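Participant: Submitted below is the structure of interest, expressed as structure tokens.
The values are calculated or read from the model by the stated rules, or taken from the named source; none is laboratory data. Since the structure is predicted, the reported quantities are computational estimates derived from the model, not experimental observations. All Cβ positions, glycine included, derive from the backbone under ideal geometry; neighbour counts span all protein chains shown. Heads up: the accessible areas ignore ligands, DNA and RNA and are worked out on the full protein's heavy atoms, side chains in. Shrake-Rupley method; radii C 1.70, N 1.55, O 1.52, S 1.80 Å.
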Amino acid sequence: VQLQASGGGSVQAGGSLRISCTASGRHFSNYLTGWFRQAPGKEREFVAAINSKRATVYVDSVKGRFTVSRDNAENTVYLQMNSLKPEDTAVYYCNAVHTFYGDLNYWGQGTLVTVSS
């Protein structure tokens, strides 16, 4: 599985962006997918995840502002980010881990989101 992220960019505080991650390969629905981010000088942190049944989980700092979704037919996971804050500035990475075989764990190349005040 290869993951290709896209849609990052620069936006002012309060604005919105949607980033996408498309997976190659088959059986995308067998994977738990999600987003992590890494701000300059900080460790990578979990942001949101969604499973094949579309159950979602978010880190507290983005609840109510970000929405994760997926299209299994298109092998794509999305992260809609609203009410962006400067502290959301980071490289966002998509991740896919097999539901049963946890060693099948894949990362996208990252997409930069910059939020200016």
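Participant: Please turn the phi angles of the range 40-48 into ³J(HN,Hα) values with the Karplus equation 6.51 cos²θ - 1.76 cosθ + 1.60 (θ = phi - 60°), one per residue in order, whole Hz, x for glycine and proline.
Facilitator: Going residue by residue, I get x, x, 10, 7, 5, 10, 6, 10, 6 Hz, with x marking Gly and Pro.
Participant: Return the carbon/sulfur percentage of the accessible area of the chain, one whole number, probe 1.4 Å, all protein chains in place.
Facilitator: 48 percent
Participant: Given a 1.4 Å probe, how much area per residue of the range 54-117 is accessible, in Å²?
Facilitator: 52 Å²
Participant: Taking amide H atoms as placed 1.01 Å from N in the peptide plane, list the residues 5 or more away in sequence, or in a different chain, whose amide H sits under 5 Å from that of GLY15.
Facilitator: So GLY15 has HN proximity to LEU84.
Participant: How big is the charge dipole of the range 27-117 about its Cα centre, in debye rounded to the nearest 20, if each Lys and Arg gets +1 on its Cβ and each Asp and Glu gets -1 on its Cβ?
Facilitator: The calculation lands at about 180 debye.
Participant: On to the next question. SER52 accessible area, nearest 10 Å², 1.4 Å probe?
Facilitator: Roll a 1.4 Å probe over it and SER52 shows about 40 Å².
Participant: Indicate the gyration tensor shape class of the range 20-61 (rounded, prolate or oblate), computed on the Cα atoms with a ≥ b ≥ c the square roots of the eigenvalues: a/c under 1.5 is rounded; otherwise a/b larger than b/c is prolate and the rest oblate.
Facilitator: Oblate, because a/c is 1.5 or more while a/b does not exceed b/c.
Participant: Students often get this wrong: which residues of the range 1-38 have the backbone nitrogen under 20 Å from the point 7 angstrom along Cα-to-C-beta of ARG44?
Facilitator: 1-9, 19-25, 31-38
Participant: Apply the Karplus curve 6.51 cos²θ - 1.76 cosθ + 1.60, θ = phi - 60°, to the phi angles in the range 7-18 and return the couplings in whole Hz, x for Gly and Pro.
Facilitator: Going residue by residue, I get x, x, x, 10, 8, 7, 3, x, x, 10, 8, 10 Hz, with x marking Gly and Pro.
Participant: For the chain, what's the relative contact order in percent, using C-alpha pairs closer than 8 Å and at least 6 residues apart?
Facilitator: Relative CO of the chain lands at 36 percent.
Participant: Where a Cα-Cα gap under 20 Å defines reach, which aspartates and glutamates qualify for LYS42, not counting those fewer than 8 residues away within the same chain?
Facilitator: List returned: ASP60, GLU87, ASP88.
Participant: For the modelled label position 7 Å from the Cα of SER29 along Cα-to-Cβ, which residues of the range 95-116 have backbone nitrogen atoms closer than 20 Å?
Facilitator: Within reach of a label on SER29: 96-102.
Participant: Determine ³J(HN,Hα), in whole Hz, for all residues of the range 66-77 in sequence, where each value follows from phi through the Karplus function 6.51 cos²θ - 1.76 cosθ + 1.60 and θ = phi - 60°; x replaces Gly and Pro.
Facilitator: Values per residue, Gly and Pro as x: 10, 9, 9, 8, 8, 10, 5, 5, 9, 6, 10, 10 Hz.
Participant: Given R₀ = 35 Å, what would the calculated FRET efficiency be for LEU112 paired with VAL57, taking r from the Cβ atoms and rounding to 0.05?
Facilitator: It comes to 0.90.
Participant: Rounded if a/c is under 1.5, else prolate if a/b beats b/c, else oblate: with a ≥ b ≥ c from the C-alpha gyration tensor eigenvalues square-rooted, which is the range 69-117?
Facilitator: Prolate, because a/c is 1.5 or more and a/b exceeds b/c.
Participant: Which order do you get for TYR92, TYR78, TYR101 if you rank them by accessible area with a 1.4 Å probe, largest at the top?
Facilitator: Solvent-accessible surface, decreasing: TYR101, TYR78, TYR92.
Participant: Another question about this same structure. Expressed as cubic angstrom per residue, what is the convex hull volume of the alpha carbon set of the range 31-99?
Facilitator: Per residue, the Cα convex hull of the range 31-99 comes to 85 Å³.
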